[in-house]
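Quick one: the structure is below, questions incoming.
The values are calculated or read from the model by the stated rules, or taken from the named source; none is laboratory data. All figures in this text were calculated on a predicted structure; none of them were measured in a lab. A quick note on method: Cβ atoms are made from the backbone with ideal geometry, for glycine too, and the neighbour counts reach across all protein chains shown. Only protein heavy atoms, including side chains, enter the accessible area calculation; ligands, DNA and RNA are left aside. Shrake-Rupley method; radii C 1.70, N 1.55, O 1.52, S 1.80 Å.
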Amino acid sequence: LMGIYNYELNYFRLGRELDVVSWDSYPDWHSEIPDNITACCESLSHDMMRSIKNQPFLLMECTPSTTNWRSISRMKRPGMHGLSVINAIAHGADSGMYFQLRQSRGSAVKFHSAVISHTGTGNTRVFREVSALGADLSKFSGKIYGSSFSAQAAIIYDTENHWALDKCQGPRNAGLDYFGQIQNCYSYFFRNGINVDILDSESDFSGYKLIIAPMLYMFRAGIQDKLRKFVKNGGTLLTTAFSGVVNDTDLCFLGEATDEKLSDVMGYWTEETDGLSDGQSNSTVFNGNCYKITKLCEVNNITTAKVLAVYESDYYKGQPVITCNDFGNGKAYHYSAIGSDSIVQDMIRFIVGELKLEKALDTDFPEGVTASLRMNGDERIVFVQNFTNEDKTVSLGKEYTDLITGEKYKELKLQGYGYAVIS
């Protein structure tokens, strides 16, 4: 889903040494995966690039239509190119540059699309769409260039944790999909128009209301002290199963409830972890809904945490699945299992509601529509995007000005693959 995403590199560590962060984005639009899901994955990558230095990045390469190196290379449908560049800008890019300007006549990229095709003229759909996008950008680029991106929530994605999980030989060695856990958490924020940063263990955690750390198996870079301080000072932390198992040299922590494991903050300690085979499941009830659990089940012993949900079967029936621990001025939630995307989504929805996190627009978005917020001083600039080929209507709640057309409205009508930039 991620196009050129490559977790063999530690982008955070490399990026912090650079003056400017840039990357090349080539999502597989119009594939068997719905475009709104592809857009969610692309947006996550944009947010990760922006978060590396907490400043705007450069979209160094994108294609105005098709690639040539996939097994099947589809053309971007009308509107999708402008929408995909706007999406990068909405998530912190200060550019939308191309590979390639003029289509090569020979060699490996002769069928990779370009702003100017083999015709050598402007009389093509792709050229007209690139020109139209440029005209739109000229209307509001002065407000956007260098503008800030403020997020109250962050998700920890740690590359070295990813490496360690791949080699850990744990209770289940297939199907845990660490990055899939990151994507699942991220998708809630994307679908609901809530800005979110992507951090690693070496990042600064101050200033956030919520930090989510899915399956953070390896605790490194003194993260225990940083998370302890974050929660103690009023932050809310959400973790999932198989967290805090080893140190930065991949050695297991010893003891029951210890500060190394962050047990004081979380209010529990893990006795054992059950790996479920394909086709096996457990279940739990949370917030009035029943959820199936299919991959990992921790058996945890409570020290100070409150139990919000329990397992419904097996020898650990009645043991905690979801807990919440008050620590200092903050709270630490834990989901003791892996294998139910929907329950994690429900937990995030519950926590976001408690914290009243800011949305780009105070509205409910139709399926496939999202919004992102950038700030120019005190001016809120909202990018509203429709990642479906169907027309959609978004109620704005109050009057906004369209920075492209100058029109004022309280209800926004978006064409398929359409976008608006409003303030």
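Number of Lys-Lys pairs in the range 128-268 under 28 Å by Cα, sequence gap 8 or more or different chains?
10
For Asn389 paired with Trp163, estimate the spin-label separation in nm (one decimal), with each label point 7 Å from Cα along the Cα-to-Cβ line.
Each label point lies 7 Å from its Cα, and together they span 4.3 nm.
What percentage of the solvent-accessible surface of the range 130-232, computed with a 1.4 Å probe over protein heavy atoms, is contributed by carbon and sulfur atoms?
Reported share for carbon and sulfur atoms: 50 percent.
Roughly how many debye, to the nearest 20, is the charge dipole of the range 1-111 about its Cα centre, given +1 on each Lys and Arg Cβ, -1 on each Asp and Glu Cβ, and no other charges? If you can, show how the numbers build up before the last one.
Numbers: 11 positive and 11 negative charges, 79 e Å.
With only Lys, Arg, Asp and Glu charged at Cβ, the dipole is about 380 debye.
Considering only Thr240, His81, Cys40, whose Cα is most displaced toward the positive end of the charge dipole of the chain, charges sitting on Cβ of Lys, Arg (+1) and Asp, Glu (-1)?
His81
Hey, any idea what % of the range 303-397's accessible area is carbon plus sulfur with a 1.4 Å probe? Display every interim value, and only then the final one.
Details: 1770 of 4020 Å².
Answer for the range 303-397 is 44 percent, counting heavy atoms of protein chains only.
Leaving ligands, DNA and RNA out of it, rank Asp197, Asp264 by accessible area with a 1.4 Å probe, largest first. Show your work: numbers first, answer last.
Details: Asp197 10, Asp264 50 Å².
These residues rank, largest area first, as Asp264, Asp197.
Expressed in nm², what is the orientationally averaged projection area of the convex hull enclosing the Cα positions of the chain?
21.6 nm²
At 37 °C and a viscosity of 0.692 mPa s, what translational diffusion coefficient does Stokes-Einstein give for the range 265-423, taking Rh as the Kirkwood radius over Cα pairs? Give it in µm²/s as a whole number.
Answer, rounded: 175 µm²/s.
Over the chain, what is the relative contact order in whole percent, taking alpha-carbon pairs under 8 Å and six or more residues apart? Before the final figure, lay out each step's value.
Numbers: 882 pairs, mean separation 59.3, N = 423.
It rounds to 14 percent for the chain.
Here's something else I'd like to know. What do you get for trypsin sites (Lys or Arg not before Pro) in the range 335-392 restricted to DSSP loop and a cutoff of at most 12 other Cβ within 10 Å of the site's Cβ?
Lys356
From the Cα gyration tensor of the range 152-227, with a ≥ b ≥ c the square roots of its eigenvalues, which class applies: rounded if a/c is under 1.5, or else prolate if a/b is larger than b/c, or else oblate?
oblate
Under a 10 Å cutoff between Cα atoms, tell me which one of Ala135, Ala90, Ala153 has the largest fluctuation in the Gaussian network model of the chain.
Ala135
On to the next question. Over the range 136-293, what is the relative contact order in percent, taking alpha-carbon pairs closer than 8 angstrom and at least six residues apart?
It rounds to 21 percent for the range 136-293.
Another question about this same structure. Any chance you could look up the accessible area of Glu358 with a 1.4 Å probe, heavy atoms only, rounded to 10 Å²?
The value for Glu358 is about 80 Å².
So, for the chain, what is the accessible surface per residue at a probe of 1.4 Å, expressed in square angstrom? Before the final figure, lay out the partial values.
Working: 18250 Å² over 423 residues.
On a per-residue basis, the chain sits at 43 Å².
Taking the Cα centre of the chain as origin, sum charge times position over the Cβ atoms of Lys and Arg (+1) and Asp and Glu (-1), and report the length of that vector in debye to the nearest 20.
Around 1300 debye, computed over the chain.
Here is a follow-up. Mind giving me the nanometre distance, one decimal, between the label points for Arg16 and Lys53, set 7 Å out from Cα along Cα→Cβ?
1.4 nm
5 Å is the cut-off here: which amide hydrogens, built 1.01 Å from N in the peptide plane, fall below it relative to Ser283, excluding neighbours closer than 5 in sequence?
Excluding prolines and chain starts, which carry no amide H, the hits are Ile293, Glu312, Ser313.
Next question. Leaving ligands, DNA and RNA out of it, rank Cys252, Cys41 by accessible area with a 1.4 Å probe, largest first. Before the final figure, lay out each step's value.
Values: Cys252 90, Cys41 5 Å².
Ranking Cys252, Cys41 by accessible area, largest first, yields Cys252, Cys41.
Only four residue types carry charge here, +1 at the Cβ of Lys and Arg and -1 at the Cβ of Asp and Glu. Report the dipole size of the range 198-323 about the Cα centre in Debye, rounded to the nearest 20.
So the dipole magnitude of the range 198-323 works out to roughly 560 debye.
Just the number, please: percent antiparallel of the DSSP beta bridges in the chain, rounded to the nearest 5.
Antiparallel bridges make up about 65 percent of those DSSP assigns within the chain.
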